[in-house]
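Comments concern the structure below.
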Amino acid sequence: MSMVVEAQHQGLAAHQMAGYDENKVRKALGFGDSHKVVVVIALGYEKKINAEDITDEKLKERFLEKRTRKEISENFFFEKVNK
């Protein structure tokens, strides 16, 4: 979390990834069996893209879609819990 916050502060983008193959990552980095990979984070400068830069129509459609967020009440509740 601290690395992601600092990356943002430095003008970088940080994206945690799921679904990686731990053994492949360990091998690519030259880590032995004594090391465990617990997180993979892509880190770099974000490229600003325009819709006209996208040639794949499905990706362009997704890029142009209005982004929405769930209502806060769908993720959190604010009622007191009776004990």
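Every number here is computed from the coordinates shown, using simple stated rules; none is lab data. Please read these numbers as outputs of a predicted model, since none were measured by experiment. All Cβ positions, glycine included, derive from the backbone under ideal geometry; neighbour counts span all protein chains shown.
If you check V37 against the conditions, is it within 24 Å of M1 (Cβ to Cβ) and touching a helix residue (DSSP H, G or I) at 6+ places or on another chain (Cβ under 6 Å)?
Working: within 24 Å of M1 (Cβ to Cβ): yes; touching a helix residue (DSSP H, G or I) at 6+ places or on another chain (Cβ under 6 Å): yes.
It is true that V37 is within 24 Å of M1 (Cβ to Cβ) and touching a helix residue (DSSP H, G or I) at 6+ places or on another chain (Cβ under 6 Å).
How many residues, within the stretch 1-49, are closer than 30 Å to L64 by Cα, basic (K, R) and more than 16 Å from the chain's Cα centre (by Cα)?
Qualifying residue count, the stretch 1-49: 1.
Sort out which residues of the stretch 1-15 are surrounded by 11 or more Cβ atoms within 10 Å (Cβ to Cβ) and not in a loop (DSSP other than H, G, I, E, B), and write them in order of number.
Narrowing the stretch 1-15 to residues surrounded by 11 or more Cβ atoms within 10 Å (Cβ to Cβ): 3-4, 6-8, 12-15.
Scanning the stretch 1-15 gives M3, V4, E6, A7, Q8, A13, A14, H15.
Out of V4, V37, V25, I need the residue that is of a type in the set (V, I, T) and in contact with an Asp or Glu (Cβ under 6 Å, 6 or more places away or on another chain). Which one? Outline the logic, then answer.
Details: V4 fails: in contact with an Asp or Glu (Cβ under 6 Å, 6 or more places away or on another chain); V25 fails: in contact with an Asp or Glu (Cβ under 6 Å, 6 or more places away or on another chain).
After ruling out the rest, the residue left standing is V37.
Check off (1) surrounded by 10 or more Cβ atoms within 10 Å (Cβ to Cβ); (2) free of Cβ contacts under 8 Å to residues at least 24 places away in the same chain for G30 and give me the number that stays unchecked.
The single condition G30 does not satisfy is (1).
I'm trying to understand the selection: among the residues of the stretch 42-83, which are in contact (Cβ under 8 Å) with a residue 24 or more places away in the chain and either part of a loop (DSSP other than H, G, I, E, B) or out of contact with any helix residue (DSSP H, G or I) (no Cβ under 7 Å at 6 or more places or on another chain) (or both)?
Keep residues of the stretch 42-83 that are in contact (Cβ under 8 Å) with a residue 24 or more places away in the chain, which gives 42-46.
The answer is A42, G44, Y45, E46.
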